[in-house]
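Every read-out reported here was derived from the displayed coordinates using simple, explicitly stated rules and does not represent laboratory data. What you see is a predicted model; the values in this text were computed from it and never measured. FYI the Cβ positions are ideal-geometry reconstructions off the backbone, even for glycines, and counts take in every protein chain you see.
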Amino acid sequence: MCPQNCLLAAAVVQAITIYTVPVGNPGNAGELSGAGAGGWGPDRVCGTVGYAYNIGKYEVTAGQYTAFLTAVAATDTYGLYNTNMSNSSYGSGIARAGSAGSYAYSVDPAFVNRPVNYVSFWDACRFANWLNNGQQGAGTTEYGAYTLTSDGINNNTITRNTGAQWAVTSEDEWYKAAYYDPTTGTYFDYPTSSNTAPGQDMADPLPGNNANYYTFSGAYPIDSGKYTTVAGEFQNSDSPYGTFDQGGNVFEWNEAILYGSERGLRGGSFYGDGGTFYGVANLRAAGRDGNDLLGESFAIGFRVSEVPEPVTMATVGLGIAGLGGYIRRRMAR
């Protein structure tokens, strides 16, 4: 269970803390992911990162996103709030009251430390911009980590700016933190420090290896009618670097461009689409998912990374190549 109070109540604008873990071992080798590695999606060597960075220990929570909305979305010019977020079963428990210009946001206490969902890729970018700009008010969401212009959004050409400190994770940053074992220089198949498919035991007894994902035969949902689980619920099932929930809970956006009109998703979710690959298969390192940039699904959230200064984008090497919103998978048939 999330050991810190990952946010405070909405209605009063308060600074949030993004808890991160360091990811070192710069210059590590990558590995093939995609259909050619037994998964799905276009083949790509993933996980090579040439610099040290920090990554969110947890997915961005509903509480943290509520603080963001409170700070920047009294008018909500950019549609950062989705009304489905208010659902207390498969949403984020985030409610909005009032009218444009004086919107007020609050979060159900039961969802404060669960991941936010129903966010588009551009929502995630705006959250990262807000972090870069010191968590200030409206007008701080369109520049910083990303310069968001209508042409760039419409053509899906926006990439991380030089010198960005906080960002939506690159695919390589996400992949390395999830699967890479620095003690052996190899990759695990699952982001629970294991090559064995995780279970679904919320008690998560040692040695761990559990996650929140869908199976036809298992309990669904696994947490008392709420489809997401609290950040860090599986306290013994962290990745080699100490992140939680990179497998299951919600898919997480990354910066990779897939198929021209999509950005990358990684990690699987509590939801299974019933296709050839579903449930625990989505947690595997080999699966490269993507979704429409504007897709806002109950099964999609995000995580952020932090790149300490000084780092230039030449060093960074990003490798950029729904219910809500339907997750389109490129599956090996």
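Some points to look at:
- Scaled to the globular estimate 2.2 N^0.38 Å, the Cα spread of segment 141-280, given as radius of gyration, is 1.17.
- Projecting the Cα positions of A231, N154, P205 onto the charge dipole of segment 118-265 (unit charges on Cβ atoms of Lys, Arg, Asp and Glu, taken about the Cα centre) puts N154 furthest along the positive direction.
- Between T147 and S224, the modelled labels are 4.9 nm apart [label points 7 Å from Cα along Cα→Cβ].
- Potential lengthening between N154 and Q235 on full extension [0.36 nm per residue; Cα-Cα distance subtracted]: 25.1 nm
- Stokes-Einstein diffusion coefficient of segment 103-176, Kirkwood radius over Cα pairs, 37 °C, 0.692 mPa s, in µm²/s: 239 µm²/s
- Potential lengthening between L294 and T215 on full extension [0.36 nm per residue; Cα-Cα distance subtracted]: 25.7 nm
- Packing-based order for 204-213, 93-102, using average beta carbon neighbours within 10 Å, highest first: 204-213, 93-102
- Cβ charges +1 (Lys, Arg) and -1 (Asp, Glu), total dipole of segment 20-316, debye: 200 debye
- Antiparallel DSSP beta bridges within segment 20-316, percent to nearest 5: 85 percent
- Rg(Cα)/(2.2 N^0.38 Å) for the chain, N = residue count: 0.91
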